[in-house]
1. Need the failing condition index for V46 against (1) in contact (Cβ under 8 Å) with a residue 60 or more places away in the chain; (2) open to solvent by 60 Å² or more (accessible area, probe 1.4 Å); (3) among the β-branched types (V, I, T), just the number.
2. Would you point out the residue of segment 49-61, among those that are in contact (Cβ under 8 Å) with a residue 40 or more places away in the chain and either open to solvent by 60 Å² or more (accessible area, probe 1.4 Å) or of a type in the set (F, W, Y) (or both), that is farthest from I33 (Cα to Cα)?
3. Evaluate segment 46-63: report whether one residue or more is touching a Leu at 6+ places or on another chain (Cβ under 9 Å) and closer than 20 Å to H31 by Cα.
4. Quick check on segment 88-100. Is at least one of its residues under 14 Å from the mean Cα position of the chain (by Cα), over 30 Å from A115 (Cβ atoms) and loosely packed, with under 11 Cβ neighbours inside 10 Å?
5. Which condition number does G72 fail, the rest of (1) open to solvent by 30 Å² or more (accessible area, probe 1.4 Å); (2) closer than 26 Å to W24 by Cα; (3) of a type outside the set (K, R) being met?
6. Would you mention how many residues in segment 4-31 are out of contact with any Ser or Thr (no Cβ under 7 Å at 6 or more places or on another chain), surrounded by 11 or more Cβ atoms within 10 Å (Cβ to Cβ) and within 14 Å of A76 (Cα to Cα)?
7. With the checklist (1) at pLDDT below 95; (2) surrounded by 11 or more Cβ atoms within 10 Å (Cβ to Cβ); (3) among the hydrophobic types (A, V, I, L, M, F, W, C) in hand, flag the one item I122 doesn't pass.
8. Quick one: is V103 open to solvent by less than 70 Å² (accessible area, probe 1.4 Å) and either within 19 Å of the chain's Cα centre (by Cα) or free of Cβ contacts under 8 Å to residues at least 60 places away in the same chain (or both)?
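The values are calculated or read from the model by the stated rules, or taken from the named source; none is laboratory data. Keep in mind the model is a prediction, meaning the values are calculated, not measured. When we count neighbours, we look across all protein chains shown, and the Cβ atoms used for this are built from the backbone with ideal geometry, even at glycine. With ligands, DNA and RNA removed, areas are computed over all heavy atoms of the protein, side chains included. Shrake-Rupley method; radii C 1.70, N 1.55, O 1.52, S 1.80 Å.
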Amino acid sequence: MKPEKNSFLVGRIKSVRYALRGLWLLATTEHSIMSQLIISGIMCFVGFYFNLSSTEWMFQILAIGMVLTAEGLNTAIEKLCDYLQPNFDKKIGFIKDLSAGAVTFAAIAAMIIGAIIYFPKIF
């Protein structure tokens with residue numbers, strides 16, 4: 001069997017397609033991601049209102065990306081746990097709690113970044 005001529009390029013295109021499908025699934029099926037996207041949109045509007053500097057935008061976008069990434073990974077871990085053990089299991093619950101805790105770290109860091117950016121502009 002002859003290898004495909006553009007297999008590397010075709011593989012990258014497929015990877016991007018799968019990633020975009022995953023992004024769409026997260027944004028349209030997961031309420032936690034939907035909530036975070038709404039909050040992100042509000043914070044972007046607020047950023048335009050307060051005319052953030054380039055550096056402030058970078059930190060805000062990084063914080064938003066960090067929270068959305070953590071939330072997406074948390075969702076994937078929870079789905080995997082539910083698939084592997086559909087019944088209640090203390091060990092699975094522990095794993096899910098750890099994963100949710102990681103999201104909480106990201107959210108707290110994002111709130112601190114938001115406070116550093118916006119408190120001087122408001123007060």
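1. (2)
2. F50
3. Within segment 46-63, none of the residues are touching a Leu at 6+ places or on another chain (Cβ under 9 Å) and closer than 20 Å to H31 by Cα.
4. There is no residue in segment 88-100 that is under 14 Å from the mean Cα position of the chain (by Cα), over 30 Å from A115 (Cβ atoms) and loosely packed, with under 11 Cβ neighbours inside 10 Å.
5. Condition (1) is where G72 drops out.
6. Residues that pass the stated criteria total 4.
7. Evaluating I122 over (1) at pLDDT below 95; (2) surrounded by 11 or more Cβ atoms within 10 Å (Cβ to Cβ); (3) among the hydrophobic types (A, V, I, L, M, F, W, C) leaves (2) as the failure.
8. When the stated conditions are applied, V103 passes them.
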